[in-house]
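Accompanying notes for the structure given below.
The values are calculated or read from the model by the stated rules, or taken from the named source; none is laboratory data. The structure displayed is predicted, hence computed values, not measured ones. Backbone-built Cβ (ideal geometry, glycine too); neighbour counts: all protein chains shown. Quick note on the areas: whole protein, heavy atoms, side chains included, nothing else; ligands and nucleic acids left out. Shrake-Rupley method; radii C 1.70, N 1.55, O 1.52, S 1.80 Å.
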Amino acid sequence: MGDDSNDNDKNNNGSQKSEEDEVYYTGLGAQGKVEETVFSLLYIMVKENSFHQILAIIFLIVEDYQVLNFVFRTEWFPTMPHLVPILVDVLSFEMASVSFLRVLMILMFILVIAVISSAIYVAISFHAGRFKLMWPILILRNLTTFLMSIFYIPVVHIFIGFIVCSDGYLVRFEEVKCYTPTHLPFFIGSIIGLCLFIPYTVLMSSVFVDPLPYNKGNPLTKASGREDLIYCFFRLILIVLENTTKVLLHSSAESLYLLSIGIALMDYKVLRHHPLHNSTFNRIRAGIWFGIFISTIPAIIFTIKEPPQSHWPWILSLVLNIPGFITGFFLSIRFHKSVLSGIYKRLREKKMLEELTLEKIKNNEIDPEDLENDHVAQSLDRIATTKFIRTKIKVYECEEDCELVCRFVRYNRNPEAYQLMRLLFNEGIKQYPKDAFVFIQYCFYLFSMQNFNKDYTLLDEGENKTTPYQLLERAAKLKPAFDLRFFISFATQTMEQIKKSKELDSSKIDISTFVELETLESSAIKFHISTLTEFKSLFKKLKESTNPKDCINYVSSLKKISEVQKLADEQYVRLLTKFTGNKEARQMYYLFLKDVLNLPEKAAKYHTDDKVLKMLNDNKGNEANASGSSGSNSNNKIDDPNQTNEKNEITRVHKKSVCYSKYDRELIKELGYRKNMKNVFIKPIEKYASFFERTIYINFILLVIGSIINIIIFYHISHTLDDFHVSLKTTYLVDTLCEEYSVLQLEGIAKFENSWNDLKNRIKHNAEEFENELLELFNKFSSFDPTGNEIILFYSEQNKPSKCDLNMYQVGYMIDRMNTIISTTEYDFNKPESILFDTPLRFFSDNEKENFNIVLSKVSDYILDELNSYINLQIYIIIGTTIITTILYIVSTIFGLNPLLKFINKLQIEVLRMFRHIPPEDIDNLIDKIDKQKEIIYLNFNVADENKNSNKKDDFMMKRKIINNIGRCYIYLSIFLLCGIMVFIPTYYTDYSQIEMIDLIHKSSKRFQLVKSIFLFTLETKTQNRLVYLPGETERLLYSTINDLKDLQYNIRYGKFKAPPSIEISVLHDLILETSCKRKTQEECDKRQFNPEIGYTKAISELPLDDLITYYINAAKSYIANNLNNSPTNFYNVSSCIETLVYLGANKDIQLMGNIQDDIIDGLKKFDQIIIQLLKSKNISAIEFSIILLVTCFIINILVYKFKIKSIVNEKINEMNDLITLAFMIPRDVINKAPPYKDFIETGETNDD
């Protein structure tokens, strides 16, 4: 009887155990590996995704009210302030500039890429079991939450804003041309961003929801994400429709109509189905959407009729949100009560009908078969005399009601609530037997209740005995949609996680801890077994070796041993640091430290588990018995078994006390031997590694210094370019003064007092510009040597000119001084000779031919030389730094890396040769010991033997890996060198282009002087001032200047100098090839006075610059042809001066040339300014790229050195340490049998004779 009861207890326990140990297939629901990987990603994102309630409400309000941006538009509310759309949608960026939106677009693009990258990384890592870090999950969760809620509309708006164009311009920014070089990157980036963003958000909107009905940490849990999916598409269609109608119909009213209809339908779904588990949030959303619907009504009215010019329409629309919200809030409460009361009413009616039917069946009033066969008559008498109406009552109006009606269990979890929940869901399964949604929600609620109180399962009888996992299996067979398949997978993984928590005696293990625990456990065990397998493989090779040279081939085994041993130790340390109470992990790590790393002193810290103690004591007991029996046989002693056991026990206790002291002495001695061996083998390696490391750091420091010097020089070049730009207009400005003073002198002699005063006022502007901008420049770049700077000075007292040499600053000072004198002197118009022989006026007329041009052009030459010296210095720095770093890398390779790798290889071979002194039978014992250790792991820790079949291909691959590692060291050094060269590429490229462009603008600046000189000499051909020019000299100078300008223009246009042809320089395209106004500002362009009579029209004025210069040259030639024989002006005769002035003012060619030269001068200024700005922008870009490349190079160098080169060196050092550890794995009694090996252990010497 007792046996039977025991058997019954065992059966009961077994059945109970089978229920508790129900196996959950976490891949249930997934169709294929890809979907399983996606579900793994979604599970880790959704599981335990917590939200603070206040933050959730804020997100919900901001997200939903964003659609009000489609309501409050100035298109139908013209008087509305611009602040209103910003208030209703703080993230609309309606008032943002295009530059700000470009920055936002880049940030959004980076955000989308970051989300997709994080998703891929987390999915692959989690599915492959390599998941280790929490921050990718946090980033992915938070970014996805932001993108799905408050950033959804802004992201789509910004991307589409850079895509939609109309009439060649962006719809959102009418001043931005489409498909230009500045627009294309943002256009392409926006398309890529949308192509990534839309599928991701569509996917996440349907499944990035927490379906668990009882999750206190997340107030946004919901049974399904399909409402979110509809809402996602609704917002997307709104934005697309708005931009489409703006292009096609030039109106966005259609999007307002769609918003009104769509938000009404969405609000009805919220009122009817209450998608969120939290009723408060459902009411808030219903209120918000109903308020939005009400606020659209005034806006729709004023899209149809003309809006009044008052504020009340938009104020009304805004204020209507408040009563709309209140109405929607209370409608949600009423709808919810109505739906629930209707379900309970129909359920009661059905139960009453079922009870009435059962009662009629008992009374034989109804045949049960009639309930299944409506058209079968079992009795004609009964049918004729009995009235029976078949009534079918549907409890639920839709499948969502099955879940909605059971939400009471979130607040009431007593047994009655559990039974009612099962009753309601069972009714739902009867009504919807082919709807997977009902089965899945049933599973969630059932599992949640049973997990809350496991005794609830005792309430289930008969058909109610269905388990949550069985419900999921039934749902999976119904071919559910993608989101439902995910919820099936989510449920199975949730149940597996909770099951694992119970196994580890933990109340709760979160998702990251659960994944990390499984990953660390499996990887630690795998690497532990791999290490034992590699030890066994090496000992086999050593045993089978017949030639000392074979040890060269065993170095590859050391590499693999070192790798797996290090990985196993790291995994165990991480596992025990994270899960300190994990007994199995402590047991495994103890075995690893004791038998693999041969660190008994460290292993003792983890030797606390009874299971391991028993395991080891049993093993030792077996060995002791074997050795005891062999000893007794050898001594030929036969004792009584009882006496023998007593003696053995006494002896064992006695020896145990003695053993510890002896063990301590042996351990101290062994530690000393190890320390000595590390000094012999490891210290020399560290010296080589230290030398190599110092060389690498010195190289990088040199690279940084060279880069910093180049950056400083770039700043000097940019500053000097400003001076260079100013210096280019020196000769032009002085020639202008000469021209104006020449006319001024004529007007003074002619007694044109008003014209004299007007011209003096105009001259004052040029004189001030000369003083403010050029005088300081002359002082800065002038040399003290005046040789070759000949200037003519006319002294009125002596009435004769004299020549003197002045340096550049002195000439500039004289010009400034003469300007001041002329502007402040009151001339006597009744004395023409006082004006004719006035020293300041004669100073300009006497030197206008060539003296000023020769002297003052040197300032730009000096600055050009300084710029070239800066550029040459940069080139010298590039060459010098590259040569020095290359030499240092070669030195570090020859005297650091090569000797290091050779020395390590030599030591490894020498140590491996020492193993050949160990007797083969002792190596067999070591191999047997390793096999036993592996069997202990296989039997006691339930791991698969994945390494029983060795593959010779691994050895070959490991040898190749060692060779590749050494080869990669040299490749990495080459990367260092290329990195150093790469840092200077922006400098070299910029210097090369700067040399060309600086030479171009230096040559181009001569056009200022030539254009001005042509006009000056044109005037002089008429004036014929014999005090300055000889007969025919002005014509010769004019012809010469025209030819010089023509040749210079040709050389610049077709690239005869260092620079490329000007017509091929893209930044100059609009200036020299397209028609445009050349003046400085649009105001000056509008002030131009065209005169068709002289040939100065808008078409001529806006000719391309090169064509305008050609036209100017032709006009000068035309003037020469029409004025071959001009009589000289008699400066002593007032009427002669008047005649000359009248002619100059009336001559059409001169008037035309005067107007055109103004356009040309402004065009040439733009030409130089464009090139200067281009050079400065290139300098800035070069500085930025140099800094970026330097930082990149620094990061690459650090990463390559720390994680590649140094890791390879550290691997070699670890291999030596592991080899030393391997050497001490040999038992002491075996070491004593091999004297050479004993000397090696005690002294570290490897004399293998």
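Within the bounds of the range 295-317, is there any residue that is under 24 Å from A223 (Cα atoms), in the same structural domain as W76 (by the TED database) and surrounded by 20 or more Cβ atoms within 10 Å (Cβ to Cβ)?
Residues of the range 295-317 that are under 24 Å from A223 (Cα atoms), as a first pass: none.
No: zero hits.
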- Item | From Y121, Y179, residue being part of a loop (DSSP other than H, G, I, E, B) and either open to solvent by 40 Å² or more (accessible area, probe 1.4 Å) or touching a helix residue (DSSP H, G or I) at 6+ places or on another chain (Cβ under 6 Å) (or both) | Y179
- Message: Among the residues of the range 853-862, are any among the charged types (D, E, K, R), modelled with pLDDT of 80 or more and open to solvent by 10 Å² or more (accessible area, probe 1.4 Å)?
- Response: yes
- List every residue pair whose Cβ atoms lie under 6 Å apart, where the two residues are 6 or more positions apart in sequence or sit on different chains, the first residue falls within the range 289-310 and is free of Cβ contacts under 8 Å to residues at least 24 places away in the same chain, and the second residue, located anywhere, is open to solvent by less than 10 Å² (accessible area, probe 1.4 Å). P298/P313; P298/S317
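Answer with yes or no whether I1208 is modelled with pLDDT under 80, β-branched (V, I, T) and more than 30 Å from Y1096 (Cβ to Cβ).
On the way: modelled with pLDDT under 80: yes; β-branched (V, I, T): yes; more than 30 Å from Y1096 (Cβ to Cβ): yes.
So I1208 fits the description; yes.
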- Hey, M1153 touching a helix residue (DSSP H, G or I) at 6+ places or on another chain (Cβ under 9 Å), open to solvent by 20 Å² or more (accessible area, probe 1.4 Å) and more than 30 Å from I701 (Cα to Cα) or not: no
- Confirm whether N1130 is surrounded by 14 or more Cβ atoms within 10 Å (Cβ to Cβ) and either out of contact with any helix residue (DSSP H, G or I) (no Cβ under 9 Å at 6 or more places or on another chain) or without any contact (Cβ under 8 Å) to a residue 12 or more places away in the chain (or both). yes
- Message: Can you tell me which residue is surrounded by the most Cβ atoms within 10 Å (Cβ to Cβ) among those in the range 1100-1120 that are β-branched (V, I, T) and either modelled with pLDDT of 85 or more or not in a helix (DSSP H, G or I) (or both)?
- Response: I1109
- Residues (in contact (Cβ under 8 Å) with a residue 24 or more places away in the chain, of a type outside the set (D, E, K, R) and open to solvent by 10 Å² or more (accessible area, probe 1.4 Å)) located in the range 1156-1182: Q1169, I1170, L1174, I1180, S1181
- Message: Go through the range 263-294 and report how many residues are open to solvent by 50 Å² or more (accessible area, probe 1.4 Å) and closer than 18 Å to R226 by Cβ.
- Response: 3
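Looking only at residues in the range 1052-1091 that are among the polar types (S, T, N, Q) and buried (at least 16 other Cβ atoms within 10 Å of the Cβ), which one is modelled with the highest pLDDT? Break it down stepwise before answering.
Let us first name the residues in the range 1052-1091 that are among the polar types (S, T, N, Q), namely 1062, 1066, 1075-1076, 1081-1082, 1089, 1091.
Cutting the leftovers down to buried (at least 16 other Cβ atoms within 10 Å of the Cβ) gives us 1062, 1076.
Values: S1062: 85, S1076: 88.
Result: S1076.
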- Quick one: which of S260, S224 is surrounded by fewer than 21 Cβ atoms within 10 Å (Cβ to Cβ) and either under 30 Å from the mean Cα position of the chain (by Cα) or over 16 Å from I333 (Cβ atoms) (or both)? S260
- Note on the structure: Within the range 265-292, the residues that are among the hydrophobic types (A, V, I, L, M, F, W, C) and in contact with a strand residue (DSSP E or B) (Cβ under 8 Å, 6 or more places away or on another chain) are L276
- Query: Residue check: is S506 in contact with a Lys or Arg (Cβ under 8 Å, 6 or more places away or on another chain) and either modelled with pLDDT under 90 or among the basic types (K, R) (or both)?
  - Reply: no
- Message: Considering only the range 712-721, I want to know if a residue exists there that is of a type in the set (V, I, T) and open to solvent by 20 Å² or more (accessible area, probe 1.4 Å).
- Response: yes
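State yes or no: is D955 modelled with pLDDT under 70 and assigned to a helix (DSSP H, G or I)?
Yes.
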- Could you please find all residues in the range 1043-1083 being without any contact (Cβ under 8 Å) to a residue 60 or more places away in the chain, part of a helix (DSSP H, G or I) and over 41 Å from the mean Cα position of the chain (by Cα)? N1043, D1044, D1047, L1048, Y1050, N1051, I1052, R1053, Q1082, E1083
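Yes/no matrix, rows are residues, columns are (1) aromatic (F, W, Y); (2) closer than 18 Å to K675 by Cβ:
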residue: S1177; (1), (2): no, no
residue: A1182; (1), (2): no, no
residue: L1199; (1), (2): no, no
residue: V1209; (1), (2): no, no
residue: T1221; (1), (2): no, yes
residue: Y1237; (1), (2): yes, no
- Could you figure out which of (1) over 60 Å from the mean Cα position of the chain (by Cα); (2) open to solvent by less than 40 Å² (accessible area, probe 1.4 Å); (3) of a type in the set (S, T, N, Q); (4) at pLDDT 80 or above isn't true of N1123? (4)
- Any residue in the range 684-709 that's under 19 Å from L1199 (Cβ atoms) and hydrophobic (A, V, I, L, M, F, W, C): show its pairings with residues that are part of a helix (DSSP H, G or I) and open to solvent by 80 Å² or more (accessible area, probe 1.4 Å) at Cβ separation under 8 Å, as long as the two are six or more apart or on different chains. F700/F1194; V704/F1194
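Does F109 meet the test of being among the aromatic types (F, W, Y), in contact with a helix residue (DSSP H, G or I) (Cβ under 9 Å, 6 or more places away or on another chain), at pLDDT 85 or above and farther than 30 Å from Y214 by Cα? Spell out how you get there, then give the answer.
Values: among the aromatic types (F, W, Y): yes; in contact with a helix residue (DSSP H, G or I) (Cβ under 9 Å, 6 or more places away or on another chain): yes; at pLDDT 85 or above: yes; farther than 30 Å from Y214 by Cα: yes.
Here the answer is yes, as F109 does meet what is asked.
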- For the range 723-749, how many residues meet the condition of being open to solvent by 10 Å² or more (accessible area, probe 1.4 Å), touching a residue at least 60 places away in the same chain (Cβ under 8 Å) and either closer than 20 Å to L1000 by Cα or of a type in the set (K, R) (or both)? 5
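Table: residues versus (1) open to solvent by 10 Å² or more (accessible area, probe 1.4 Å); (2) closer than 28 Å to E866 by Cβ.
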residue: C979; (1), (2): no, no
residue: T987; (1), (2): no, yes
residue: Y992; (1), (2): yes, yes
residue: L1000; (1), (2): no, yes
residue: Q1009; (1), (2): yes, yes
residue: I1014; (1), (2): no, no
residue: Y1029; (1), (2): no, no
- Residues in the range 753-793 that are more than 54 Å from the chain's Cα centre (by Cα) and open to solvent by 70 Å² or more (accessible area, probe 1.4 Å) total 10
